[in-house]
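Below is one structure, written out as structure tokens, with a few remarks after it.
The values are calculated or read from the model by the stated rules, or taken from the named source; none is laboratory data. Just so it is clear, the structure is predicted and the values come from calculations on it, not from any experiment. Positions of Cβ are generated from backbone atoms using ideal geometry, with glycine treated the same way; all protein chains shown enter the neighbour counts. The area values use the complete protein model at the heavy-atom level, side chains included, leaving out ligands, DNA and RNA. Shrake-Rupley method; radii C 1.70, N 1.55, O 1.52, S 1.80 Å.
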Amino acid sequence: MRGVTTMAAAAEESSSSGHRRRRHHHQQHHGRGGGALFVSATTPSSHPSGAPPRLSTKRHLSSSGDGESPPSPPNRTGDRNGLVRHEVVADDGHPLRLYSRDPRASRAGEAPGTLGGRGRSILLLHGRTWSSQPVFDLRTSDDDVARQSTLQSLADLGFSAYAMDFRGFGETPRDDGGYTTPRRCVADVKCAVDWIAARHPGKYDGPAHVGSEGGFEDPTIVNDRPALLGWSQGALVAQMYAQRHGPATLSDLVLFGSIFDPKVVYPRKPLYDPAGRLVSGSDEAFKPPAPEVTNTDVASLEDFTLPGTICDEAALTFSKLALAVDPVKAAWDELHEFNVCNPALVHVPTLVIVGAQDPYVSWAAQLELFERLGTEDRAMCVLPGCDHAAHILKARKMFVRGVAGFLLRKDGF
């Protein structure tokens, strides 16, 4: 699955009104803005028979470094018809919330989770405002008959899919500093990826990669490391992660609705304030208490810009769930750290996927992102009739199949 699958009409979508929306979105971004110690899974259990045992929590450290176990992340929404919760402890001792879904049979007599994923694992990263439950596990019915949950759909295809809440989002609490920063997100993703890799060791015959002269991997060999998908601002976090940790920890990268734009430079705050205090550029920098701004129902619907692409029931369900898990906006800071994003430094096989009518992306930037990727193993997919939240709109099945097809391009369905 190489090459570009774009549409000429889509490439011309950068109308003046779309440009104003993109500029407003970037202004909102400016203004708003080691290994893991494991883990336990909460009920219901998702451990298959023979899975690695649950590791002890005795090594957990609190973020204050006093050697005590940190508090577990809260459960804000109850069982939600079998949502599986996991806790990963970051390298600084802070608890991180991950979610997954158990697979279900899609046809009578068919074993669950045998539709093609073959045990491949993937971590999903949400965007700037809303956490993983509304973004990746939207359900308008108990059995998700409409297949709106990305987690459930990937699990049903046989993938071991996980979604993570960044600090200050959903059920991952704010740390002592109170702010969410890109570099801290990347470090937390590393902990989550390490945990997933340990939980799902290689499931294929033969090595994960084959060394050849010069130490290059054989690009046709299935790689059983976890894949990483980031949406919107989460795609920038995923790209930063791939640039730093890349092929050593990932099999594939999916940049979905990425707001990457080489023309956008996030301003950096001064290193010192007028009083001479260090206020930026260091973990020791002085920062005022993180603001606590209440989210609103209007804000919860801002990503649905095209009339008719999502039904009223799904939109209202998204809004209700989003406000339940994210009643207060996360406090993003140090956004200048995103300025290191450079597609040429991405050497992981990459899928760029975007809605054809996404008002928050620049089409010139999407094409530049794709063309400048530092890997030959790449693909681009445009979802017709979709805006920013294509994965929960009417083309959501096309989105899931596009992602699954890329991840399984080496071994088929």
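Note on the range 163-177: among residues that are open to solvent by 10 Å² or more (accessible area, probe 1.4 Å) and not charged (D, E, K, R), the one that is modelled with the lowest pLDDT is Gly177.
When the range 202-216 is filtered for residues that are within 25 Å of Leu124 (Cα to Cα), open to solvent by 70 Å² or more (accessible area, probe 1.4 Å) and either modelled with pLDDT of 60 or more or not basic (Lys, Arg) (or both), only His209 remains.
Quick check on the range 291-336: of everything there that is closer than 12 Å to Pro134 by Cβ and among the hydroxyl-bearing types (Ser, Thr, Tyr), which residue is most open to solvent (accessible area, probe 1.4 Å)? Taking the candidates together, the pick is Thr317. Here are the criteria: (1) within 24 Å of the chain's Cα centre (by Cα); (2) part of a loop (DSSP other than H, G, I, E, B). Tell me which single one Ala285 does not satisfy. Here Ala285 clears every test but (1). Against the definition (within 21 Å of the chain's Cα centre (by Cα), open to solvent by less than 10 Å² (accessible area, probe 1.4 Å) and at pLDDT 95 or above), how does Val403 come out, yes or no? So Val403 fits the description; yes. Residue check: Pro349 meets all listed conditions (1) exposed (fewer than 15 other Cβ atoms within 10 Å of the Cβ); (2) modelled with pLDDT of 95 or more; (3) touching a strand residue (DSSP E or B) at 6+ places or on another chain (Cβ under 7 Å); (4) not aromatic (Phe, Trp, Tyr) but one, namely (1).
Each residue in the range 251-271 was checked for being closer than 23 Å to Pro384 by Cβ and β-branched (Val, Ile, Thr), and 2 pass.
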